[in-house]
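Asker: Mind looking over this structure? Questions follow.
The values are calculated or read from the model by the stated rules, or taken from the named source; none is laboratory data. The structure displayed is predicted, hence computed values, not measured ones. Every residue, glycine as well, gets a Cβ built from its backbone with ideal geometry; the counts of neighbours run over all protein chains shown. All accessible areas refer to the heavy atoms of the entire protein, side chains included, with ligands and DNA or RNA removed. Shrake-Rupley method; radii C 1.70, N 1.55, O 1.52, S 1.80 Å.
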Amino acid sequence: PKPFYLAPEILPSNMVTNTDIRQAIMDVPGVKNVAVVPGAYSGFTVVSVKLLLELEDPWATLPLAQQAPVLEQVRKTFLCERNVNQDLASIQVLYPKPIGVRLNLSLEGVLDPIAKVAEILKASDEKIAPDIQKHTLQALQEKGVSGDAIFNGPLLNNGLLQQSDLADIQLPEWIFASDVLEVLGGIEGLKSISGFSFVTNVEDGASDPDEQSYWRMKIQQGEVPIFDLALSLSALSLSIDGQTLTLDDADRERITALVQKKDNFAALSHVPSTDDFIGQRYRQLNQYVSIQKEFPEVYHLNEQRIDGEIESEAFAQILQLKGFLTLFDQILADEMMQLNNLRKLLAIPDADVYPRLMRVFNA
């Protein structure tokens with residue numbers, strides 16, 4: 001009744017790696033990011049893990065008691081996806097640490113300086129507290145991402161995450177000024193940055209005086225950085241074509257709206273069907289390509305080898321391996337040819353074949 005399995009049905013798996021755990025937990029609404037650390041050991045084996053959660057607004061600023069619905073959903077997700085002998089030690093919500101940037105900017109040849117300042121501050125935001133982008137199935141397919149890469153790991157319900165993105169975005173221990181300045185250096189219209197430092201608010205309302213804030217910012221255990229836009233605007237110095245510009249309240253409101261604008265994301269708009277995974281190319285199964293073509297060049301199996309001269313003993317080993325693999329090539333080539341003729345082998349015979357078959361059976 002169902003001849004084909006769809007990619008979302010057959011490709012996903014339970015949690016195997018720490019990246020899989022992060023992928024499953026970040027699918028829970030309200031979770032922005034998560035770090036997975038060992039909870040308990042049995043000898044050298046990790047038998048339980050601890051989840052460090054970064055929550056999205058408004059959950060991040062609520063008291064712990066009001067964050068309970070998200071934490072309970074995280075716990076249920078882990079228990080449903082975990083493997084045998086894998087346990088959850090604890091769940092910890094990381095405390096947001098607001099970090100701003102003190103910038104002394106010089107712009108040149110910019111038609112809309114307010115939009116340019118918003119672009120600069122948004123780039124700083126994405127470097128200090130990056131978001132992991134979620135995708136739709138259609139968007140990933142349009143980029144040419146294969147099904148096994150799209151559905152690698154646990155099956156997600158609230159947008160698709162790429163494991164390569166998860167590897168690039170981790171919860172940091174330090175934030176370095178050089179990383180932020182490298183991002184800002186590529187913005188068109190930004191002539192120079194004559195002053196830079198990180199700024200934070202301490203309890204008395206003063207700016208953090210730590211000298212290290214000029215080149216790095218330490219993220220203490222139990223904290224997670226968030227970008228403080230208001231503090232960054234209050235510490236901003238700006239000049240355009242040599243003229244100092246002072247931002248008024250309307251300018252600040254516009255910058256805030258531009259920086260905080262999120263890209264629109266819609267979850268999977270429809271249940272995937274077979275047509276979503278059918279390509280436009282028919283592959284001729286009888287055109288078999290040797291498995292020896294798939295080996296790296298270091299094996300020297302292809303016709304053109306990377307070394308000009310090979311010692312006789314090594315050359316004999318190469319030929320021995322080629323002969324060994326040729327046996328499997330023959331088996332695979334035969335199977336591909338049989339599959340190519342499968343439609344003929346299983347087709348209903350023509351009517352004039354039946355009398356001949358009847359005579360054979362009678363005989």
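Asker: When each pair of different Cα atoms in the range 70-158 is counted once in the 1/r mean, what is the Kirkwood radius in angstroms, to one decimal?
Answerer: 18.1
Asker: What is the percent carbon and sulfur in the accessible area of the range 120-182, measuring with a 1.4 Å probe over the protein chains and ignoring ligands?
Answerer: Details: 1360 of 3110 Å².
That fraction is 44 percent.
Asker: Also, I was wondering about something else. List the residues whose amide H sits under 5 Å from the amide H of VAL199, counting only those 5 or more places along or on another chain, with H placed 1.01 Å from N in the peptide plane.
Answerer: GLY100, VAL101, ARG102
Asker: If r is the Cβ-Cβ distance from ALA257 to ALA149 and R0 is 35 Å, what FRET efficiency results, to the nearest 0.05?
Answerer: Efficiency for this residue pair is about 0.50.
Asker: Also, I was wondering about something else. Rounded to the nearest percent, how much of the accessible area of the range 36-77 (1.4 Å probe, protein heavy atoms only) is carbon and sulfur? Write out the running numbers ahead of the final one.
Answerer: Numbers: 1510 of 2510 Å².
Carbon and sulfur together cover 60 percent of it.
Asker: Of the listed pairs LYS293/LYS322; LYS76/LYS218; LYS32/LYS97; LYS191/LYS218, which have alpha-carbon separations greater than 22 Å here?
Answerer: In this structure, LYS76/LYS218; LYS191/LYS218 exceed 22 Å between Cα atoms.
Asker: Grab the other residues whose beta carbon is less than 13 angstrom from that of ASN341, score K and R as +1, D and E as -1, and report the net. Write down the numbers at each step before the final one.
Answerer: Working: positive: ARG343, LYS344; negative: ASP334, GLU335.
That works out to 0.
Asker: Please quote Rg/Rh for the range 148-207 to two decimal places, taking the Kirkwood radius as Rh and restricting both calculations to Cα atoms. Don't jump to the answer; show the numbers that get you there.
Answerer: Details: Rg = 18.5 Å, Rh = 15.9 Å.
Checking Rg against Rh, the ratio lands at 1.16.
Asker: So which DSSP H runs in the chain come out at 27 Å plus along the axis (Cα) with average Kyte-Doolittle of at least 0.0?
Answerer: Helix filter hits for the chain: 312-340.
Asker: Could you state the number of Å between the C-alpha centres of the range 121-142 and the range 4-22?
Answerer: Computed from Cα coordinates, the inter-centre distance equals 22 Å.
Asker: Also: Between LYS293 and GLU313, with labels modelled 7 Å along Cα→Cβ, what's the label distance in nm to one decimal, could you check?
Answerer: Using points 7 Å along Cα→Cβ, the separation is 3.4 nm.
Asker: What accessible surface, in Å², does a 1.4 Å probe find on LEU258, ignoring ligands, DNA and RNA and rounding to the nearest 10?
Answerer: Approximately 70 Å² for this residue.
Asker: Determine, from the Cβ-Cβ distance of ASP352 and LYS76 and an R0 of 56 Å, the FRET efficiency 1/(1 + (r/R0)^6), rounded to the nearest 0.05.
Answerer: 0.30
Asker: Computed on alpha carbon atoms, what radius of gyration and Dmax characterise the range 46-201, expressed in Å?
Answerer: 19.8, 62
Asker: While we're on this one: Where does each of THR19, THR61 land when they are ordered by accessible area, with a 1.4 Å probe and the largest first?
Answerer: The ordering from most to least exposed comes out as THR61, THR19.
Asker: Could you grab the relative contact order for the chain? Cα pairs under 8 Å, six or more apart, rounded to a whole percent.
Answerer: On the way: 458 pairs, mean separation 72.7, N = 363.
Computed over the chain, the figure is 20 percent.
Asker: As an exercise, use a Förster radius of 35 Å and the Cβ-Cβ distance of ASN158 and SER178 to find the FRET efficiency, rounded to the nearest 0.05.
Answerer: For R0 = 35 Å, the calculated efficiency reads 0.50.
Asker: Using helices alone, I'd like the mean residue ellipticity at 222 nm for the chain: each DSSP H run of four-plus residues gives -39500 (n - 2.57), total over residue count, nearest 500.
Answerer: Roughly -10500 deg cm²/dmol at 222 nm, from the helical runs in the chain.
Asker: In square angstrom, rounded to the nearest 10, how much accessible surface does VAL37 have for a 1.4 Å probe?
Answerer: In the full protein context, VAL37 sits at about 50 Å².
Asker: Would you rank TYR299, TYR214 by solvent-accessible area, highest first, keeping every protein chain in place and using a 1.4 Å probe?
Answerer: TYR214, TYR299
Asker: Oh, and also: Between GLU108 and SER237, what is the spin-label point distance in nm, taking each point 7 Å from the Cα along the Cα→C-beta axis?
Answerer: 1.9
Asker: I'd like to check one number: the per residue accessible area of the range 25-178, probe 1.4 Å, reported in Å² as a whole number.
Answerer: 50
Asker: Here's something else I'd like to know. Rounded to the nearest 20 Debye, what is the dipole magnitude of the range 1-64 about its Cα centre when Lys and Arg each give +1 and Asp and Glu each give -1 at the C-beta?
Answerer: For this selection, approximately 180 debye.
Asker: Right, here's the next one. Computed from these coordinates, which is semi-axes √(5λ) of the Cα gyration tensor in Å: [x] 70, 22, 17; [y] 43, 24, 20; [z] 55, 28, 25?
Answerer: Answer by label: [z].
Asker: Would you mind giving the three semi-axes, in whole Å and largest first, of the ellipsoid equivalent to the range 310-356 according to its Cα gyration tensor?
Answerer: So the equivalent ellipsoid measures 45, 8, 5 Å along its semi-axes.
Asker: GLU108: net charge of surrounding residues, Cβ under 9 Å, Lys/Arg +1, Asp/Glu -1, itself excluded?
Answerer: Numbers: positive: LYS191; negative: ASP241.
Residues near GLU108 contribute 0 overall.
Asker: Can you compute log10 of I(q)/I(0) for the range 1-65 with the Debye formula, treating each Cα as one identical point scatterer, at q = 0.13, 0.16, 0.23, 0.28 Å⁻¹?
Answerer: -0.55, -0.71, -1.00, -1.18
Asker: Average the reciprocal distances over every distinct pair of alpha-carbons in the range 24-131, invert the result, and give the Kirkwood radius in Å.
Answerer: Mean inverse Cα-Cα distance, inverted, gives 16.7 Å.
Asker: Quick check: with the 1.4 Å probe, what order do ARG82, ARG22 take by accessible area, largest first?
Answerer: So the residues, ranked largest to smallest area, are ARG82, ARG22.
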